[in-house]
Amino acid sequence: MTLELLSFEPMNVRLTQDQKIKLLNSDDVYSIMQQILMRENKIRRNQEHFWVIGLDNRNKILFIELIGLGQVNRVGANPPDVFRMGIYKMAVRMILVHNHPSGEVDPSREDRDFTDKMLKVGKLISIEVLDHLVISETTYTSFKDKGIMDELTKSGLFEIVEREKVAIKEWQLKMEAERGEHRGKLAIAKKMKKEGYDNDTIKKLTRLPIAEIREL
């Protein structure tokens, strides 16, 4: 996994009711993510995907978001990509997942370094990174099961310097403000819907996505 950000619009992954579960272990995570990967056609499965899973304090799935799609072994992400939806949805824990189209699921040095960085950014903004899974169509490796998460938690290989801490905190506050504004729009849209406004009018006045308005 490369660490440079590639141009990509994050995409919320639609879950079935059976997939909206409490995650107990890495097998649970892989069972869901294998299904999501296999939804893709063969061409897309030959690209590297990077997903984030947001969890509440009971380890129930709040969302799964595809935040990166690259070439055969090339996808990028940075902390705002990884944690944006987590802040929006008030997740307290997250799991990282990416696939290796080659079928080889041993974590690379880059995978470990990237996870190390996300662990420490997550700690700074109070979102615990529980695990990172490297998956293929038929198998997976869990950083947590392999003891890698414990190693990285104790490692001093990546430390956030003061300048980065300030920038991350500023970004977190900005995202929390946007979340508050978004919730205000949702409240207005809900009230308008009860009063009989049609979805197109609500979209025009609130600038909310039509999909969110339909779900109110």
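Bear in mind these aren't lab numbers, they're just calculated from the coordinates by the rules spelled out. Keep in mind the model is a prediction, meaning the values are calculated, not measured. With ideal geometry, Cβ positions are generated from the backbone for all residues, glycine too; neighbour counts draw on all protein chains shown.
Annotations for the structure displayed:
- Averaging 1/r over every pair of different alpha carbons in the stretch 165-215 and inverting the result gives a Kirkwood radius of 12.0 Å.
- Angle between the chain longest axis and helix 109-124 axis [Cα atoms, degrees, rounded to 10]: 50 degrees
- Pairs beyond 23 Å (Cα-Cα), from LYS22/LYS144; LYS42/LYS144; LYS42/LYS89; LYS22/LYS191; LYS42/LYS146; LYS22/LYS165: LYS42/LYS144; LYS42/LYS89; LYS22/LYS191; LYS42/LYS146; LYS22/LYS165
- Between ASP131 and LEU96, the built amide H atoms are under 5 Å apart, and every one of these is 5 or more places off in sequence or on another chain.
- Mean-position separation - Cα centroids, the stretch 25-86 and the stretch 166-186, in angstrom: 23 Å
- Nearest-ten-degree value, helix 79-88 long axis tilted from longest Cα axis of the chain: 40 degrees
- The protection proxy used here, the mean number of other Cβ atoms lying within 10 Å of each residue, ranks peptides 125-132, 31-38 as follows, highest first: 125-132, 31-38.
- Phi angles across the stretch 38-55 convert, under the Karplus curve 6.51 cos²θ - 1.76 cosθ + 1.60 with θ = phi - 60°, into 3J(HN,Hα) values of 6, 5, 6, 6, 4, 4, 5, 5, 8, 10, 7, 10, 10, 10, 10, 10, x, 10 Hz, Gly and Pro given as x.
- Fraction of the pair-distance distribution of the chain above 30 Å, Cα-Cα pairs, percent: 26 percent
- Segments 60-70, 102-112 sorted - mean Cβ within 10 Å per residue, highest first: 60-70, 102-112
- Flagged links, alpha-carbon separation over 29 Å, of LYS120/LYS203; LYS60/LYS190; LYS117/LYS174: LYS120/LYS203
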